[in-house]
Amino acid sequence: MKLHMQILIALGLGIKRNGHIFLGLILGIIAGVILHQYKVLPNGDINTSVAYIIGALDVIGKMFIRLIQMVVIPLVCSAIVIGIASVGDSNQLGKMGKKMILYYALITVAAVTIGSVLSALFKPGIGVQTYVNHTAALTAQEQVKEAVLAQQGNLSQLFINMIPENPIASIANGDMIPILVFALIFAIALSKVGDVARPIVGFFESVFAATMKVTDWIMYLAAPGVFALTATAISSFGTGIFTGISTYLIILAVGMLIQLCLVYPLIMKIFSKVPVATYFAAITEPLMVAFGTASSSATLPLTIACCEKRGISHKVCSFVLPLGATLNMDATALFQTVAVMFLTQAYGITLEPMQIVMVAVFAIVASSTSAGIPGAGLITLAIILNALGLTSQQLWEGLAFLFAIDRIIDMFRSMLNVTSDAVVAAVIADNEGELNYDMLNNTDADRDILD
Ligand code: ASP
């Protein structure tokens, strides 16, 4: 049987095993469609009972996301500290770090290449050119020309912002990248100071264990949480929006499928002996939660729990997965490349091959600076458009168009972002002899996640 079929079947089997969340998802879609249908009364007034239900679902969904997000910062910090401390041997740490960067880079470069090639070939923006004001399009074309001539970009500020001025302020603001940078440096320092580090490492071990316990409890709420989130998202837009942007959506779907069915399996097959189908089936629970929450950070506790239950060592999980959930955003990069090409085509701006490469490079940077939270990729899209010289007004006009449907796309890209994190963790674990294949092949293991 062809590999992509095996993967889809494996995902299907995994979904079957996690039926309660999947049911939440399906019911959420159905409820969302019905609510959207009856949101407005025939006389044009708002249907107050439907608005009340949507409001209530919105509250439930937001509470679910908050519950799970509340454990993210303690989890990330403690996972990195004990991850690095438990690696101990700085050679192994260096080796794992290099491999992690290599695999994440390969996956993300593949994503932006797929996104730019598909958008250049199928031109998703052409279909909406009629909706764009002619004068606005001419102005945009001029601005892009000027910006390309004086291309500075704002990359330097991005790099500066990665270093926390005050780590406590970064933690209070939930700025994931500076937090990660600080946690990494702090953890490496701890691993170098010998026995005096023991009490602090012990403290973080307790924090980690407690946050994982809280995660187990929160996961009992996954089905209603995913139901509420999906229903609210779907109820907020109509099906009409799909027609003008169908090529855009198809390109995104095809691009993501290529990542899922070709790029990830290739990375696994070339660099490890992890059985692709078995592994994909093993990680479906976090994937569904990622789909429902549209957040790789919020899914992180579950991704770690699931990967550990299926045989990836704690050492690898606690090092690779938190970094991946924040920095490895291949699906976001793919989305950003396609979205920028879509917008420039809609404005009638022709990008030269070098400019397309520039868009792709900016997408890699912009996606890595996106936090693993809902909508982050749409916000950092502004970085690329700015680099192209488009003003904020044009940018928001363009984004408003994409905004309406972003939540659904975000669900898919978050799911993919989490998949690639888990794939890289498995490949590194295999390379480092840190993958217990008996546990991986034990299909009963993921049931324990909720125990
Ligand atoms: N929501 C995505 C994630 O958490 C990031 C994005 O907006 O693309 O992975």
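Read the figures in this text as sums done on the coordinates, not as results from a lab. Source: prediction; values computed, not measured. Neighbour counts run over all protein chains shown; Cβ positions are idealised from the backbone, glycine included.
For residue 312, the residues whose amide H sits under 5 Å from its own are 436, ignoring neighbours fewer than 5 places away on the same chain, with H placed 1.01 Å from N. Other residues with beta-carbon under 14 Å from the beta-carbon of residue 234 carry, at +1 per Lys or Arg and -1 per Asp or Glu, a net charge of -1. Placing a pseudo-label 7 Å from each Cα along the Cα-to-Cβ vector at residue 214 and residue 166 gives an inter-label distance of 2.3 nm.
Given the pairs 95/192; 192/309; 99/315; 99/273, which are separated by over 19 angstrom at their Cα positions?
192/309
Converting phi to 3J(HN,Hα) with the Karplus coefficients 6.51, -1.76 and 1.60 and the offset θ = phi - 60°, segment 23-36 yields 4, x, 5, 5, 4, x, 5, 4, 4, x, 5, 5, 4, 4 Hz in sequence order, with x at every glycine or proline.
Residues 434, 205, arranged from fewest to most other Cβ atoms within 10 angstrom of their Cβ, appear as 205, 434.
Taking the number of other C-beta atoms within 10 Å as the exposure measure, put 437, 279 in order starting with the fewest.
Details: 437 14, 279 27.
Fewest to most other Cβ atoms nearby, the residues stand as 437, 279.
Listing 159, 362, 186 from fewest to most neighbouring C-beta atoms within 10 Å gives 159, 186, 362.
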